[in-house]
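> After the structure tokens below, expect a handful of questions from me.
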Amino acid sequence: MFDAPVDAWYAWLGLSAAALVVLGVVTSLPTAPPPDASDVAGTVDAVATTEYDTTVSRALDAQTIRVGPRRIGLRNDAGTTHATLGYRVVSVTRDARLVRVLRGETPESAFDSSAAFGRAVSAARARDPAWRPAGDHLVVRHVSWGGVDVTLVGTLDARPGGV
């Protein structure tokens with residue numbers, strides 16, 4: 001009379017399994033919002049519209065980034081967001097001389113001529129956008145030299161040599 005019915009064990013087992021599933025779902029939910037690509041695109045467009053050489057650095061809340069000529073994408077654990085840029089930009093990833101210009105050197109000190117600068121910009125524009133580590137900061141620099149008017153976009157790391 002005081003024994004538990006046989007089906008009570010099944011109920012306890014079912015409730016335990018359901019609790020484990022709910023716990024798994026709750027712990028897998030993102031703890032932060034997805035990155036704000038439209039805000040980053042606004043920063044890039046603001047620099048691209050300036051008449052003068054301008055540099056802006058801003059913190060990133062993304063783990064990876066993809067910069068195309070007219071589009072930017074940001075991704076973290078909470079999701080991926082994209083935004084369209086109003087102006088054409090150049091993603092700086094490989095060319096060490098463009099990286100130096102992005103970091104603040106004048107194009108005149110990094111390149112032998114404005115034609116060489118123009119060729120480096122054209123080569124960077126020709127690369128397909130790819131996802132890469134975002135780093136700590138996005139740097140946007142508008143530069144004009146010898147008929148080459150360009151907005152360079154890249155990421156900087158707090159680590160030495162990080163780009």
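The values are calculated or read from the model by the stated rules, or taken from the named source; none is laboratory data. Predicted, not measured: the structure shown is a model, and the values here were computed from it. Every residue, glycine as well, gets a Cβ built from its backbone with ideal geometry; the counts of neighbours run over all protein chains shown.
> I'd like the full set of residues that are among the charged types (D, E, K, R) and modelled with pLDDT under 90, limited to segment 108-138.
Selection gives Asp136 alone.
> Let me ask something additional. Can you confirm whether segment 48-56 contains a residue that is surrounded by 12 or more Cβ atoms within 10 Å (Cβ to Cβ), more than 21 Å from Arg127 (Cβ to Cβ), touching a residue at least 40 places away in the same chain (Cβ under 8 Å) and of a type in the set (A, V, I, L, M)?
Yes, segment 48-56 contains at least one residue that is surrounded by 12 or more Cβ atoms within 10 Å (Cβ to Cβ), more than 21 Å from Arg127 (Cβ to Cβ), touching a residue at least 40 places away in the same chain (Cβ under 8 Å) and of a type in the set (A, V, I, L, M).
> Still on this model: Is it true that Thr81 is touching a helix residue (DSSP H, G or I) at 6+ places or on another chain (Cβ under 7 Å) and touching a residue at least 12 places away in the same chain (Cβ under 8 Å)?
Against the criterion (touching a helix residue (DSSP H, G or I) at 6+ places or on another chain (Cβ under 7 Å) and touching a residue at least 12 places away in the same chain (Cβ under 8 Å)), Thr81 qualifies.
> How do the pairs read when you match residues in segment 106-117 that are farther than 15 Å from Arg141 by Cα with residues anywhere that are in a loop (DSSP other than H, G, I, E, B) and of a type outside the set (D, E, K, R), using Cβ under 6 Å and keeping only pairs 6 or more apart or on different chains?
Close Cβ pairs (under 6 Å, with a partner that is in a loop (DSSP other than H, G, I, E, B) and of a type outside the set (D, E, K, R)) amount to Ser114/Gly146.
> Further, regarding this structure: Looking at segment 123-141, I want the residues that are on the phi > 0 side of the Ramachandran plot and have a partner that is among the β-branched types (Val, Ile, Thr) and surrounded by 13 or more Cβ atoms within 10 Å (Cβ to Cβ) with Cβ atoms under 9 Å, at least 6 apart or on another chain. Which pairs are those?
Pairs found: Gly135/Ile65; Gly135/Thr155; Gly135/Val163.
> For segment 140-163, which positions are under 11 Å from the mean Cα position of the chain (by Cα) and modelled with pLDDT of 90 or more?
Within segment 140-163, Val153, Gly154 qualify.
> Would you mention how many residues in segment 1-39 are at pLDDT 70 or above and aromatic (Phe, Trp, Tyr)?
2
> Under the condition of being under 22 Å from Leu60 (Cβ atoms) and in contact with a Ser or Thr (Cβ under 8 Å, 6 or more places away or on another chain), which residue from segment 103-129 is surrounded by the most Cβ atoms within 10 Å (Cβ to Cβ)?
Only one residue tops the list, namely Ala124.
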